[in-house]
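Participant: To start, I am sharing the structure in question, which I have written as structure tokens.
The values are calculated or read from the model by the stated rules, or taken from the named source; none is laboratory data. Keep in mind that what you see is a predicted model, and the values were worked out from it rather than measured. A quick note on method: Cβ atoms are made from the backbone with ideal geometry, for glycine too, and the neighbour counts reach across all protein chains shown. Side chains included, ligands, DNA and RNA excluded: accessible areas come from the protein's heavy atoms. Shrake-Rupley method; radii C 1.70, N 1.55, O 1.52, S 1.80 Å.
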Amino acid sequence: MPSQSRNEVLIVPGGDRQPGFTIAAYKGALPPALQEQYERVGAESFGSDSQTPEERQEEHDRFCSERDIFVQLLALAGDTVIGAASVFQRTIMLHYQPVRLGGLGGVCTATAWRRLGVAAALVQRAMAELRAAGCDLAYLCTDVESEWARRLYGRAGFVPIGRPYTFRGKSGKRYTDHDGMIAPLASPQLFQQVLADTAPLDLGAGNW
């Protein structure tokens, strides 16, 4: 397993109504103590206790893109993980042209730290990582009908794609969904082209 490297990239000052926290970027494996906390915060936010075995199996088939993660972001209050997000990149083909697609997923915040700017700070840092990596376009999937989600991601430039997108699961099964958002990065022209297109956007292998 590759060794981890940590880069603390943002400090949010504390205050009476907003405690301080740090956003740290990790490349490679997380330290075991932080990995355990990270999984706990993720389970708290995306708990699957109510899912059937078939639903869990399909979710694993759909979200099979761990290899595309190039940065793991953790929000830390001291040494305690209070939020996280994964930053992805891959090359896809769009009308026979290669496009470097960036993305973020798994944005989550511990219950006690919600509505304190943690998720917004994670998204802000994720976009900075994608810009530094030279990605043309950013993508994510979320509940596009949620006012909270549209506000959170809209501040980073994301808008609903407005049409279906498609991808292959780990099994090879083809999925089509309608909950995608995109944001411009290195190529605003490409962003406008994707929005104006009528064909489903093909993400390649696995969703984020």
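Participant: Leaving out ligands, DNA and RNA but keeping every protein chain, what accessible area does Phe63 have, in Å² rounded to the nearest 10, with a 1.4 Å probe?
Facilitator: Accessible area, nearest 10 Å²: 80 Å².
Participant: 7 Å from Cα along Cα→Cβ at both Asp143 and Arg56: what's the point-to-point distance in nm?
Facilitator: About 2.3 nm, to one decimal.
Participant: Give me the accessible area of Trp148, 1.4 Å probe, in Å² rounded to the nearest 10.
Facilitator: Ignoring ligands and nucleic acids, Trp148 comes out at about 130 Å².
Participant: Over the range 90-149, give the accessible area per residue in Å² for a 1.4 Å probe, as an integer. Walk me through the numbers before you get to the answer.
Facilitator: Values: 2870 Å² over 60 residues.
With the other protein chains kept in place, the range 90-149 gives 48 Å² per residue.
Participant: With every protein chain left in place and a probe of 1.4 Å, what is the accessible surface of Ile182, to the nearest 10 Å²?
Facilitator: 0
Participant: Give me the percent of accessible area attributable to carbon and sulfur for the chain, probe 1.4 angstrom. Could the numbers behind the result be given before it?
Facilitator: On the way: 5480 of 11050 Å².
Whole-percent figure for carbon plus sulfur exposure: 50.
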